[in-house]
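Here is the structure we will look at, set down as structure tokens.
The values are calculated or read from the model by the stated rules, or taken from the named source; none is laboratory data. A quick note: this is a predicted structure, and the numbers were derived from the prediction, not measured. Heads up, the Cβs are rebuilt from the backbone with ideal geometry, glycines too, and the neighbour counts pull from every protein chain shown.
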Amino acid sequence: MRFGPVAAALSLALAVQASIGHAQQYQVDPRSAALVAEGRASLDAGDTQAAIDAFEAALAVDPGNTQVYLELANAARADGLQGKAIHYYREAQERDPENLAAISGEGEALVEKGALSAARQNLERLESLCGETCIETVQLSAAIDRGPPVMTAEAVSADDEVTQN
């Protein structure tokens, strides 16, 4: 009984020391990096579906690569799929909670969907992480100031004649 607290403290110290020794910098798979480069080239060329295919292949090769989720989100936004983009941005944030690009991108996608209050929460989070002058904060603030895109409907002239079925 006398050695119980000492043994518990010693085992805790050894466990913490062992976990520190195993922590390493994440290494991106070179095949994944090549597929991401291919996807970026496709996205720059305007072929969003080919870009999405390349990014999904990169994700299959290296599911731990957070950058792939950001690229998928950007491709989804380019394709007009803001809901899917928000999903990918949140996946990136689960892997790296302080990823400024993911927080900012999610905020911009939220603005595009018209969810300004949620986008403002992302802006507040960015301001607390990196301040008011970092690039991501400035970009999201500008997107919020612009507001959601306005959709217009074409005017349709009513027929003068009404028929009965």
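Observations on the model:
Yes/no matrix, rows are residues, columns are (1) out of contact with any helix residue (DSSP H, G or I) (no Cβ under 9 Å at 6 or more places or on another chain); (2) under 17 Å from T66 (Cβ atoms); (3) among the polar types (S, T, N, Q):
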position: Y89; (1), (2), (3): no, yes, no
position: L100; (1), (2), (3): no, yes, no
position: G105; (1), (2), (3): no, yes, no
position: L116; (1), (2), (3): no, no, no
position: Q121; (1), (2), (3): no, no, yes
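- Verdict on L35 being in contact (Cβ under 8 Å) with a residue 24 or more places away in the chain and either under 18 Å from T137 (Cβ atoms) or under 15 Å from the mean Cα position of the chain (by Cα) (or both): no
- Whichever residue in region 95-114 is closer than 19 Å to L59 by Cβ and of a type outside the set (D, E) and, among such residues, is nearest to the chain's Cα centre (by Cα): A102
- Residue within region 115-125 that is at pLDDT 90 or above, among the hydroxyl-bearing types (S, T, Y) and over 11 Å from the mean Cα position of the chain (by Cα) present: yes
- Enumeration of residues in region 79-92 that are surrounded by fewer than 20 Cβ atoms within 10 Å (Cβ to Cβ) and either in contact (Cβ under 8 Å) with a residue 40 or more places away in the chain or part of a helix (DSSP H, G or I) (or both): G83, K84, H87, R90, E91
- Filter result for E112 (in a helix (DSSP H, G or I), in the same structural domain as V138 (by TED's automatic domain parsing) and at pLDDT below 95): yes
- Candidates L72, L110, filtered to the one that is buried (at least 24 other Cβ atoms within 10 Å of the Cβ), out of contact with any strand residue (DSSP E or B) (no Cβ under 7 Å at 6 or more places or on another chain) and closer than 25 Å to V150 by Cβ: L110
- Helices (runs of 4 or more DSSP H) lying entirely in region 1-78 (those with 3 or more residues that are over 20 Å from Y89 (Cα atoms) and at pLDDT 90 or above): 30-44
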